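The values are calculated or read from the model by the stated rules, or taken from the named source; none is laboratory data. Remember, predicted model here, so these are calculated numbers, not experimental data. Backbone-built Cβ (ideal geometry, glycine too); neighbour counts: all protein chains shown. For the accessible areas, the whole protein counts, side chains as well, though only heavy atoms, and no ligand, DNA or RNA atoms are used. Shrake-Rupley method; radii C 1.70, N 1.55, O 1.52, S 1.80 Å.
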Amino acid sequence: MRRLILWIFGLIVVAAPVHAGDNLAKAIDEDYAYLFDLYKHFHSHPELSFQEMESAKHLGTELSGLGFDVTSGIGGHGVVAVLKNGEGPTVLIRTDTDALPVIEQTGLPYASTVRATEQTGREVSVMHACGHDVHMTVWTGTARQLVANKDEWSGTVVMIAQPAEERGSGARAMLADGLFTRFPRPDMSLALHVNSVLAAGRIGVTEGFAMANVDMVDIAVLGVGGHGAYPHATKDPIVLAAHIITALQTLVSREVSPLDPAVVTVGSIHGGEKHNVISNRVDLQLTVRSYKDEVRKTLMEGIARIALFEARALGFPEDKLPIVKVRDEYTPAAYNTPELVQRLMPVWQARFGDDRVVELDPVMGGEDFGLYGRQEPRIPSFMFVLGAVDPAKVATAKKEGVKLPSLHSSKFAPLPEPTITTGVEAMTAAVLEVLKKTD
Ligand code: ZN
Ligand code: ZN
């Protein structure tokens, strides 16, 4: 009897449909050695923004080897890889490719020793301190799984490797080069970014606004220089700059609703040479952040107005009024479309368990991924967060109240496993969900 029960139980186990998660997770585990080698390669060969040619070449070769239709040189060193697999929606999956001018101090055996020359001519050390090496590896791993599981989905995948994210200009450049006209226009776009506080093996999710509108503003505060002992014969731009900086604080505290996040930071001030000389000019550099378009408008108009009228209030001549310049490298807020978030959350919860899928607060950091979703008509978008830190380090940091190395830190060292496998599994599962066969 016991035998019979075991036999029947065995039949049930064999006959029960194999959970897709088990197969996928297993396949990704089996691919890990390949992906880890790839990761080490990317990590030890970082390239600065606008110089990502070798990374682009490597990614292009990987995906054309998988049967994707690969086009390089889109918006600089951008790569677009298209895979059509029957009827269905089109999904864009984005990785960024650039690294940062940072001297790596992780002590890892595969740490970068790369030096490169910036656009300014300055020679710098280069490091993947923002985890874009993880993103490229996960992107490639996802492509490998999508090809291996081609019979499980139907539609078109547009995988893009975007340059110059750190300069906020790669997405704009790829769009300007015909990303949505020369290639299939996506019905939705997906991306992920590693996180420096979330434990490896976890996924972080934010619904709605996740990252901020980011503007860079330069204010040239002009003046009429002269002797420090005869201020009445001058118009002192340092005093005016001080007034402007103080008045700018009222934008967030008095003009924007307390319920709307906003930041105005004067990150740089340069002016003057000597104790007793009143200078001709002070330069201010601001970072300005918000979520809503109308808040952004209030801030930008307010900055221009305050600069102008503080100068007039101090009697500056009309030909010495401040010059306010908003830089072109604006990145719009990353907005995670609620319907898409709500569709993918349960997929990940079922696969990873509730404790590995964490809801995160939005942040005021920036990302040019938001730009893809902002093309009219708007495209549902979702950038989720990939935990990348050794869980033991997360626990110790919490216990001892110490801070872990942040993104862009010379000591930021993602734990490759399970970061990479979790990323590939989460992204692949997301694509399998949105492109699942309907028949
Ligand atoms: Zn970064
Ligand atoms: Zn980044």
Among beta bridges assigned by DSSP with both residues in the chain, the antiparallel ones amount in percent, to the nearest 5, to 70 percent
Go through the stretch 368-375 residue by residue and turn each phi into a ³J(HN,Hα) via Karplus (6.51, -1.76, 1.60, θ = phi - 60°); whole Hz please, and just put x for glycine and proline. 7, 4, x, 5, 4, x, 7, 6
In whole angstrom, how far apart do the alpha carbon centroids of the stretch 367-439 and the stretch 308-342 sit? 30 Å
Take the solvent-accessible surface of the protein heavy atoms, probe 1.4 Å, and return the percent of it on the stretch 213-326 that carbon and sulfur atoms account for. 58 percent
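Lysine pairs in the stretch 213-326 with Cα distance under 30 Å, only those 8 or more apart or on different chains: how many are there?
Going through the stretch 213-326 pair by pair, I get 8.
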Can you pull a Stokes-Einstein diffusion coefficient for the stretch 213-326 at 10 °C (1.306 mPa s), Rh from Kirkwood over Cα pairs, as a whole number of µm²/s? 109 µm²/s
So what's the angle, to the nearest 10 degrees on a 0 to 90 scale, between helix 237-250 and the longest Cα principal axis of the chain? 50 degrees
Relative packing of 329-337, 150-158, which averages over residues the other C-beta atoms within 10 Å, highest first: 329-337, 150-158
Order 58-71, 201-214, 402-415, 130-143 from most to least packed using the mean count of other Cβ atoms within 10 Å. 130-143, 201-214, 58-71, 402-415
Please report the equivalent ellipsoid semi-axes of the chain, computed as sqrt(5 x eigenvalue) of the Cα gyration tensor, largest first, in whole Å. 48, 22, 22
Against the longest alpha carbon principal axis of the chain, how many degrees, from 0 to 90 and to the nearest 10, is the axis of helix 338-352 turned? 50 degrees
In nm, the gap between the two label points placed 7 Å beyond Cα toward Cβ at Ala116 and Arg167 is 1.0 nm
If you take the beta carbon distance between Lys150 and Asp390 as r and set R0 to 41 Å, what does 1/(1 + (r/R0)^6) give as a FRET efficiency, to the nearest 0.05? 0.70
Before I look further, what does the chain give for accessible area per residue, probe 1.4 Å, in whole square angstrom? 47 Å²
Listed residue (His128, Trp348, Val324) projecting farthest to the positive dipole end of the chain, Cβ model: Trp348
Within 10 Å, count the other beta carbons around each residue, average over each peptide in 90-99, 390-399, and list them highest first. 90-99, 390-399
Rounded to whole Hz, the Karplus (6.51, -1.76, 1.60) HN-Hα couplings of the stretch 116-124, x for glycine and proline: 8, 9, 6, 4, 6, x, 6, 8, 9
Hey, what number do you get for the chain at 222 nm if only DSSP H runs of n ≥ 4 count, each worth -39500 (n - 2.57), divided across all residues, to the nearest 500? -12000 deg cm²/dmol
Between Asp328 and Asn23, what is the label-to-label distance in nm when each label sits 7 Å out along the Cα-to-Cβ direction? 4.9 nm
How many percent of the accessible area of the stretch 32-145 is carbon or sulfur, using a 1.4 Å probe? 53 percent
Tilt, helix 53-65 to longest principal axis of the chain (alpha-carbon atoms), in degrees rounded to tens, equals 20 degrees
For Asp355 paired with Ser253, estimate the spin-label separation in nm (one decimal), with each label point 7 Å from Cα along the Cα-to-Cβ line. 4.4 nm
